[in-house]
Amino acid sequence: MSDQNLDPTIRQALGSSLTRRSLFALGGAAAVTGALAACGSNTGREPAATGGGATGGGGSGVTLNQWYHQYGEAGTQQAVEKYAAAYKDATVKVSWKPGDYDQSTAASLLTDAGPDVFEYGNGPTIDMIKGKQVVDLTDLLGDAKDDFNPSILKRMTYEGKTYAIPQVVDMQLLVYRKSMLDKAGVTPPQTIDELIAAAKKLTQGNVKGLFLGNDGGAGLMGGPMLWSAGLDYLAEDNTFGFDDPRAGQALGKLREMWDAKVLLLGAPKDWFDASALTAGLTAMQFTGLWTFPDIKKGLGDDFGVMAWPALDGSGKASVPVGAYGSCVSAKSKDVEAAKKFVKYLWVDQTQDQLDFATAYGFHIPARTSLIGQATTLKDGQAAEAAKLATDVGHAQSPILWTPKCNTAFGDAMNRIVKEGADPMGEIAKVKAVAEPELKRVLA
Amino acid sequence: MFVGPFVIGLVVFVYVPIVWSIYLSFFNAYNTVTPTEFVGAGNYLDMLRDPAFRSSLLTFVAFAVFIVPTTFVISLGAALLVARTRVMQSFFRSVFFLPTACSYVVAALIWKMSIFSGIRSGLANAVLGWFGIDSVPWLSLADPPWYWLVIVTARLWLQVGFYMILFLAGIQRISPTLYEAAAIDGAEGWKVFRHITFPQLRATSTAVLLLLLVNAFQAFDEFYNILSTFGTYPPYARPPLVYLYYTALGSGQDFGHGSAGAVILTLIIAIVAVVQGRVLRLGDRGE
């Protein structure tokens, strides 16, 4: 999914803990609310009707419901409630939503019980935009437009209109243990082949060279591999972007790593946790910036960071970046008041943004001018990482890449990496799914 | 009068969504539950033409063929053993039944992260280590398909106790006079089971088989929690509901195709259940 960058702790704890019952409840709820919207009294609009409601501000009698997913870091909820309470022009009620946030929020937008302002991973989906469930927020950006991380802003923009204001940036990158590389006489690799060679040298005994997730990178590395070959999911003209022998070559490299048995597989905690690296199960790991506090605790200064390398001279190094974006529901009773609040919090209140990005978890402010002010990102590996996010950051997947395309791509990656399927044959299968999907969403 | 509230609940939360879902399956329903564009059987054809959906259906027919008899035999065996136990019967009954009280999600995470983790400290790999065998990344490999071992053991652990209790209730309802008569005729052991216990359990067996079958096709919880990796699910061992969740009913919100897929799945369950009833002729002469 396109939101795999986001808030790993909570997705690990809750996102993956979906049960069939809650799936049915969700599907059923969507169907029932359509029929019975008028009968429902628990619309979430009354104070304290939903979990963790906090009413803030005073203002002009307008009440706005703002939804967040449940962040894993302590203090985040109190922080957003504090920002909301400080807003004077409306009463903002913050709802803190545990569980499968993306799905339940998407379903709630079909009803009148949804939020006025809500965050969504990498901005609203193309179907939300096409379905006119969210409103255009372009004019909120004003002069600040160029200050936001460009690849993130582009991801939240469709046909020149921006539908979400980025809140904080998360990123993934390659982290390695300096001492292990020194001992093996390996320098940080600059190309994929150098990376494979390094991983081979670093694989010794119970230590593997590289950790790309328990599926050997099938779920995580598809995008970075395409970018490393200088390609992308979609071409500039929104056509299928990787029906290209270089894509086959790049994706095949993951299989090469798998066959060479240099990849760590079956770690108790997957790539989004630092424990494989800190426990010495692997020498290099592709992981998220959010693990830095844990890595620091476990390894002190014995680690370095780098982008995912280029395939060769004509490719590009990259780091995936993602952000929750603040959106305004078209079903809000007062769209203008909701937009005004979003502008207030996520464009104007730079000190709140800095606080939100750095005081609780380990993130990068969405506005690049704030990065310099962030004490957490001032020096060392964190500063290097923040620079990578700005310089070679690449939004995880394009807005037109629908869940169906994503599933087809994930299937192909699994077959290529785990079963050794022919990459070009698999790419053709993805194309067969993606082209009708693109046609549908662009219609 | 007394059933009124329940009937209303049933209608509102069960029948209306079912009918609504069938209705949606004939429409182009992206991000809406009140669609306007009728597409006839289009969604059904799309789903049946989708190789990934077909493969998940096939996988789960095969899965049902394996898991239904296996669970049936093991839970019946456990029930017979517990029923014959003279000492501490309620202790054994509770021990076998306890996993039923465990959440599928919790069990799945324990299986995934503790028992079958891919490193040496995982329980299964630690045992292999005693025999000098290399660690196996159980859930990472597609070939050989060790993931089935993880899923099937988790499922059996979770389910056997529940069906055992059903069988146990059935066994305890069999009149002792039948066994006495059999004993007088000199029947014992296997013969008693073959000619008295098993035939007398016909009604229970029918119910258990049907429940097992529906359960196999509706598999979701343990598969999702064991095999999904942060936003993706591998293309193998993917239950139809998991596939629908990823492509249509999750963030995709493609209710037309999703509902069509769900209706197809329901029809398959219904057909297999009817065929199973006919073939096994269970329930025909039940009590």
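The values are calculated or read from the model by the stated rules, or taken from the named source; none is laboratory data. Remember, predicted model here, so these are calculated numbers, not experimental data. All Cβ positions, glycine included, derive from the backbone under ideal geometry; neighbour counts span all protein chains shown. In case anyone asks, the SASA skips ligands and DNA or RNA and just uses the protein heavy atoms, side chains included. Shrake-Rupley method; radii C 1.70, N 1.55, O 1.52, S 1.80 Å.
Applying the criterion of being closer than 25 Å to residue A:316 by Cα, in a helix (DSSP H, G or I) and open to solvent by 20 Å² or more (accessible area, probe 1.4 Å) to the residues of the range A:416-443, the residue that is farthest from the other protein chains (Cβ to nearest Cβ) is A:424.
Which residues, counting only those in the range B:184-204, are among the charged types (D, E, K, R) and farther than 15 Å from residue B:169 by Cα? B:185, B:188, B:191, B:194 - these are the residues of the range B:184-204 that are among the charged types (D, E, K, R) and farther than 15 Å from residue B:169 by Cα.
Restricted to helices (runs of 4 or more DSSP H) entirely inside the range B:1-120, those with at least 1 residues that are open to solvent by 90 Å² or more (accessible area, probe 1.4 Å) and not aromatic (Phe, Trp, Tyr) are B:4-10, B:16-24, B:42-49, B:51-84. Taking residue A:74, is it outside any loop (DSSP other than H, G, I, E, B) and at pLDDT below 90? Here the answer is no, as residue A:74 does not meet what is asked. Considering the range B:130-153, and only residues there that are within 14 Å of another protein chain (Cβ to nearest Cβ) and not in a loop (DSSP other than H, G, I, E, B), the residue that is most open to solvent (accessible area, probe 1.4 Å) turns out to be B:149. Take the residues in the range A:154-209 that are on the phi > 0 side of the Ramachandran plot and of a type in the set (Gly, Ala, Ser), then tell me which one is farthest from the other protein chains (Cβ to nearest Cβ). Step by step, filter the range A:154-209, then rank; the result is A:185. With respect to the conditions (1) away from every other protein chain (no Cβ under 14 Å); (2) at pLDDT below 90, residue A:402 falls short on a single one, namely (1).
Looking at the range A:103-124, which of the residues that are in contact with an Asp or Glu (Cβ under 9 Å, 6 or more places away or on another chain) and touching a residue at least 60 places away in the same chain (Cβ under 8 Å) is nearest to residue A:397 (Cα to Cα)?
Step one: filter the range A:103-124 for residues in contact with an Asp or Glu (Cβ under 9 Å, 6 or more places away or on another chain), giving A:105-106, A:116, A:120-122.
Then keep just the ones that are touching a residue at least 60 places away in the same chain (Cβ under 8 Å); that gives A:116, A:120-122.
Values: A:116: 26, A:120: 14, A:121: 11, A:122: 9 Å.
Ranking the qualifying residues of the range A:103-124, first place goes to A:122.
Screening residue A:263 against (1) under 22 Å from the mean Cα position of the chain (by Cα); (2) of a type in the set (A, V, I, L, M); (3) within 12 Å of another protein chain (Cβ to nearest Cβ) leaves a single unmet condition, (1).
For (1) more than 30 Å from residue A:109 (Cβ to Cβ); (2) surrounded by fewer than 21 Cβ atoms within 10 Å (Cβ to Cβ), each residue gets a yes or a no:
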| residue | (1), (2) |
| --- | --- |
| A:144 | no, yes |
| A:182 | yes, yes |
| A:215 | yes, no |
| A:229 | yes, no |
